[in-house]
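For reference, the structure discussed in these notes is given below.
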Amino acid sequence: MSVRRKGPRATFVRVGTYALLIAVAALVVFPFIVAVSTSMKRNSDIFTYPPSLVPRAEVTVSDAERALDGNTVYDFAERDGSWVLVDDDIPLAVFAPVGGQADDVTLAADAGERTGDIMVVDGEDVFLIDVDGEAVEATRVRLTVGGLFEPIDGGDQIVELVSAATPQREFGPRFENFPQVVNEKNLGRSLTNTLLVTIAVVIGQIVTSILGGYAFARIDFKGRDKIFMLYLGSVMIPFVVLIIPLFQLMLQLDWTDNLVALIIPFVFSAYGTFLMRQFFLGIPSEIEEAALLDGASRWKILWRVMVPLARPAIAALATFGFLYAWNSFFWPLVIINSGNPDNGLLTLTLATLGGRSSTDTNLVFAGAVIAMTPPILVFLFAQRYFVENSATSGLK
Amino acid sequence: MNPGVTMAFDADHEIMAPTSASEHEPTVALHRGLTLVTLWHVLGVVAGAAMMLLARRGGDQELPGTIGVALQFFAIAAFATHAYAAYGIRTRRHHARSASLVVNYLTFVVAAVAVLHQFGAFRAIGSLGEGLNKAFIPFLVAAIGLVWILVAGQISTSRPAAKSPPALRRAGQVLVVVGSAWFVIAADPTGMFSAITDQITSPLTLASIGLAAGALVATRFMWHRDVGRLFGTTSSEERTLSGLAFLSPNLIGFLFFFAGPLVFSLIVSFFDWKTTGTSRSFVGIDNYVEALSIDFASSASANAGVEALKPGYQVLMHLDWFGQNWLIGARDVTFWLSLRNIIVFLVLAVPLSVLPALGLSSILASELPRAKIFRAIYFVPSVAGVIGVAIIWGQMFQSTVGWINYIIKRAGDILPFVDAPSEGHPWLSSNSTALLAMVIVFAWMNFGFNTVLYLAGHQAIPKDLYEAAEIDGARTWKIFRRITVPQLRNTTFYVLITTSILALQLFDIVWILSTPQPGGPDNATMTPVIALYNEAFRNNNRGYASALAWVLFIIIFGFTFAQFRRDRDAATPGGVS
């Protein structure tokens, strides 16, 4: 098409094409960047406006001479320079100058002299306060607790409401989120459980699919085609239909709230059998016939001859099985008691943790990053097999 | 042990191999073995009868189709087949060998599974999680060793001359061995063994072990070639037996965990079956009627309520149609709302995840350098895991500090026509946009997958079509319109169907993202699967929920069937099924 042409117009088209592709790629990648950055943030840093992609830490100062030990540095909208919070538990009073023209003034709670006058309108005491060297009449709006701030280079201290200041932030990822979510939020156990289930399902699916696929592809037995149609038809059945009876079956086997309920029913894969069958059909039968004439048993032929040849299909099957088992959510949600931390899976624990009442957003994101990394890595490494086979078989 | 059986063990290593023994006449050992197998079958008749009685005991509390009934059927079949096999082997009937093999094999499987079940071996698989958790680091060591060996193998095949691979491989093997040993020590499996030794004294367990062992030995003996010759087994029968043997692990699981439950589900859907109470009565199609009943009423005022409808119906929606107010009521309002939602979702989400895929795949298919990188990037959302993705998007849609609102606001600052609300819009807790948010997440997750499906479709388009068009000087757009799109017709159909089937089963995204409860706010994101989940596992209304599942299945089946019909009609290249 046009990108293969030459000339200035073609160059223009080519640049436009790449711009479009990159824009879409950005759309795909951006949420992941948000996830990674959020997973390394402090919780207070997540809920700041405007949102930021950089994990930031509050700037702090330590200076033994001035008795500062990790005190936070603040900015004020209406004052220049940086201010160190020396003490955040100072009694303060907010004064409103009489007349209502000037802004409220925050001073120490004992500041201002009582003039003895009383406001006519609402019966408030009138104080004489000092604003920039001028005495101003004001009423005391409220008493509160605030901070004592000092210029970062030293100088006169001021009192001000802490909420009027914004802490200075600088780049500072918080890697402790990851060990914290693994240890405190029980994600470690969920990770190993998910790993166990995934490995068991993948290995089981590979074994049963190889055996079944070989039987369908290479042994011409009575009733084969009918059974195969049954398998093909089963791919059309949505899992939703099976949820209730399967749950009932697990109840009778006493497998509820046990990881085995996530493994055994899923090691029999009609789809995997189909995939292996298709691959075995593509292997020339001369290879097998030669081995048969040499007196090898079918069992030996399958494992010594066919399976080594079928490595790409097995790799694809393993990738599918991995992604399916690792990411599965609905069935675990039904069968595993979410209150039992010993049987948690990554998806379940994350759903509970990041659910509607979540508080530790940074930890939730650290968990999400941990959960998403293995499937993405597996996909990137196994891409060749995976993409080819999803295109030819259409598994979702 | 009997000499005939030992012989079978020794000579049986190569089943299909022409062994020297096969050239001889049937030996004395063979006959003695057959006598033993006959006796075994007589024992099997007794065991079958015993099992029939045992399975009956627990069978009357549950609905038909449960394990007890299945076991009873199996026991009856086993009883009959054992009897036939005993008689047939004695009289050298032609089919006796096949019958004996099948019944022995199945007896072995059932008995072995029963033993494992009594040992709690299956539940013990679940407890492995604890071991793996304790021994995670040794596990990693062993896994790294395994990968190491694979990599070394790769290197040695690509560069046979290199000297280092054997050393690498050795190092990997050491890692695997050390890791595995460490793993076993760290995982501390003693608890599992103690559970097994506790159970072994139970008489039922001992009987099952005996049954499994005997059936296994008998199977191995009867499988032998010489026995086959004796009974005149044809090569076609031999093939059937091996075919079923290879298929059996798969087929047994398929029947037990798929076909059986499927039938059970259909049966349950005709019962009023609540797990809270004891009522399990057959109600015919009442569950389906309850789910699907709707009622129309015309009313004078726009605010007419339940009183205008038949009793038992609730207001589903008001319609203003040509000045006439219509009231639509349903018995299960939630389910109908979920159907309405899913149709809206389908109409929005499917084009949004298919059309970009069509466009992008057309660009990527045009021999563009670096196309594979883009293809990989676009694919990532569909493999990253829906829970993680939903959590990310939950933060993106956050009303005050979320990126979506921030970007809209910044766009509003630059572009005059973007009307950004001053307050952050609560995407997920607003009735009007909650479903739209789900559409966006769904499309974001699935367009990359569809792009790859389309790329496969592109490969099937004959290249000379494009060459001819270029010689004619056709514009890119025209080529796309006139060649690409029509040639991809089958792929498009396939992609549309698979995406629709996926969309109809929407669950996980909504489960994570909707507030304040799944399906919220005000059922604005209620989907059929969530409605089903609530009925089955919150209200414990399993019979009714099964009916909902079948209604949903029929809807999905409509799409699948369309796909199937088309596949059969047009088995042409370009379709990727």
*What number of residues within segment A:13-47 are closer than 16 Å to residue B:359 by Cβ and facing another protein chain (nearest Cβ under 9 Å)?*
10
*Failed condition for residue A:288, given (1) part of a helix (DSSP H, G or I); (2) under 33 Å from the mean Cα position of the chain (by Cα); (3) among the charged types (D, E, K, R), with all others met?*
(2)
*Determine if segment A:228-244 includes at least one residue that is buried (at least 19 other Cβ atoms within 10 Å of the Cβ), more than 30 Å from residue A:277 (Cα to Cα), within 11 Å of chain B (Cβ to nearest Cβ) and touching a helix residue (DSSP H, G or I) at 6+ places or on another chain (Cβ under 7 Å).*
yes
*asked:* Among the residues of segment B:343-368, what is the count of those that are more than 9 Å from chain A (Cβ to nearest Cβ) and under 20 Å from residue B:461 (Cα atoms)?
replied: 5
*Can you name the residue in segment B:128-140 that is more than 8 Å from chain A (Cβ to nearest Cβ) and surrounded by fewer than 20 Cβ atoms within 10 Å (Cβ to Cβ) and, of all such residues, is farthest from residue A:341 (Cα to Cα)?*
B:140
_Index of the failed condition, residue B:554 passing every other in (1) crowded, with 21+ Cβ neighbours inside 10 Å; (2) within 19 Å of the chain's Cα centre (by Cα)_ = (1)
_Conditions (1) more than 7 Å from chain B (Cβ to nearest Cβ); (2) closer than 29 Å to residue A:286 by Cα; number of the one not met by residue A:221_ = (1)
_Residues that are farther than 22 Å from residue A:212 by Cα and assigned to a helix (DSSP H, G or I): does segment A:306-323 have at least one?_
no
*Quick one: which of A:339, A:354, A:344, A:321 is modelled with pLDDT under 85, within 22 Å of the chain's Cα centre (by Cα) and crowded, with 22+ Cβ neighbours inside 10 Å?*
A:354
*Take residue B:250 and decide whether it is within 13 Å of chain A (Cβ to nearest Cβ), over 30 Å from residue A:225 (Cβ atoms) and part of a helix (DSSP H, G or I).*
no
*Would you mind finding the one in B:292, B:247, B:266, B:262 that is of a type in the set (A, V, I, L, M), without any contact (Cβ under 8 Å) to a residue 60 or more places away in the chain and closer than 29 Å to residue B:541 by Cβ?*
B:262
*Just one of B:521, B:528, B:516 is surrounded by fewer than 23 Cβ atoms within 10 Å (Cβ to Cβ) and at pLDDT 85 or above; which is it?*
B:521
*Quick one: how many residues across segment B:99-128 are under 21 Å from residue B:237 (Cα atoms) and out of contact with any helix residue (DSSP H, G or I) (no Cβ under 6 Å at 6 or more places or on another chain)?*
2
*Only one of these is modelled with pLDDT of 80 or more and within 34 Å of the chain's Cα centre (by Cα): B:187, B:213, B:181. Name it.*
B:213
*Which ranges mark the helices (runs of 4 or more DSSP H) fully within segment B:461-554 that have 2 or more residues being closer than 21 Å to residue B:353 by Cα and more than 8 Å from every other protein chain (Cβ to nearest Cβ)?*
B:489-504, B:508-513
*Which condition does residue A:314 not pass, out of (1) among the β-branched types (Val, Ile, Thr); (2) more than 23 Å from residue B:241 (Cα to Cα); (3) within 11 Å of chain B (Cβ to nearest Cβ); (4) touching a Ser or Thr at 6+ places or on another chain (Cβ under 9 Å), if it passes all the others?*
(3)
*Do any helices (runs of 4 or more DSSP H) entirely within segment B:293-398 hold 3 or more residues that are more than 30 Å from residue A:364 (Cα to Cα) and assigned by TED's automatic domain parsing to the domain that holds residue B:495, and if so, which?*
B:333-364
_Candidates A:348, A:353, A:380, A:323 - the one that is closer than 19 Å to residue A:256 by Cβ and facing chain B (nearest Cβ under 10 Å)_ = A:348
*Just for segment A:11-43: of the residues that are in contact (Cβ under 8 Å) with a residue 12 or more places away in the chain and surrounded by fewer than 16 Cβ atoms within 10 Å (Cβ to Cβ), which one is farthest from the chain's Cα centre (by Cα)?*
A:43
*Here are some residues: B:534, B:540. Which one is assigned by TED's automatic domain parsing to the domain that holds residue B:352 and at positive phi?*
B:540
_Given the condition within 10 Å of another protein chain (Cβ to nearest Cβ), more than 30 Å from residue B:357 (Cα to Cα), modelled with pLDDT under 90 and assigned to a helix (DSSP H, G or I), answer yes or no: does some residue in segment A:3-12 qualify?_
no
*asked:* So, residue A:262, is that one touching a Pro at 6+ places or on another chain (Cβ under 7 Å) and either facing another protein chain (nearest Cβ under 7 Å) or not in a helix (DSSP H, G or I) (or both) or not?
replied: no
*State whether the residues of segment A:131-141 include one that is without any contact (Cβ under 8 Å) to a residue 12 or more places away in the chain, part of a strand (DSSP E or B) and among the hydrophobic types (A, V, I, L, M, F, W, C).*
yes
*Test result for residue B:330, surrounded by fewer than 18 Cβ atoms within 10 Å (Cβ to Cβ), under 30 Å from residue B:434 (Cα atoms) and either touching a Leu at 6+ places or on another chain (Cβ under 8 Å) or not charged (D, E, K, R) (or both)*: no
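The values are calculated or read from the model by the stated rules, or taken from the named source; none is laboratory data. Bear in mind that the values here come from a model prediction, so they are computed numbers and not experimental data. Note that each Cβ is placed from the backbone with ideal geometry, even for glycine, and that neighbours are counted across all protein chains shown.
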